[in-house]
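One structure below.
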């Protein structure tokens with residue numbers, strides 16, 4: 001089991017506000033990302049919207065893992081509700 005805070009949530013306030021704790025997430029290789037060739041975007045399956053990325057420090061290993069391992073990812077919690085910048089912590093269970 002892995003817990004991590006998503007990257008790239010600063011400009012996704014609406015998407016994070018629409019998300020709920022326990023929502024199921026999908027991890028998808030972002031092959032056209034100009035900043036990180038191993039980028040992994042995180043999609044909320046309930047809303048169909050992207051909520052962020054796996055932090056680039058982990059992107060290469062996650063990019064490889066999602067191609068050959070099954071996983072379950074969920075929204076653990078949404079942070080910063082009392083501030084201007086929301087964040088999201090996720091839980092990933094690798095099988």
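Each value in this text was obtained by applying a stated rule to the coordinates, not by laboratory testing. This is a predicted model, so every value here is computed, not measured. Cβ atoms come from the backbone with ideal geometry, glycine included; neighbour counts cover every protein chain shown.
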Margin query: Taking every DSSP beta bridge with both residues inside the chain, roughly what % is antiparallel (nearest 5)?
Written below: 100
Notebook entry, point to check: Under a point spin-label approximation (7 Å from Cα along Cα-to-Cβ), what is the residue 58-residue 18 distance to one decimal in nm?
Noted result: 2.4
Next item on the list: Would you mind computing, in nm to one decimal, how far apart the modelled labels at residue 11 and residue 94 are, each placed 7 Å from Cα along Cα→Cβ?
Entry: 3.0
Note to self: At a 10 angstrom cut-off on C-beta neighbours, averaged per residue, how do the peptides 4-17, 75-88, 39-52 rank from highest to lowest?
What the structure shows: 39-52, 4-17, 75-88
Margin query: Over the chain, what is the relative contact order in percent, taking alpha-carbon pairs closer than 8 angstrom and at least six residues apart?
Written below: 37
Next item on the list: With all distinct Cα pairs included, what does the Kirkwood hydrodynamic radius of region 2-94 come out to in Å, to one decimal, could you say?
Entry: 13.1
Note to self: Report the gain in length on full extension from residue 68 to residue 2: 0.36 nm times residue separation, minus Cα-Cα distance, nm rounded to one decimal.
What the structure shows: 22.1 nm
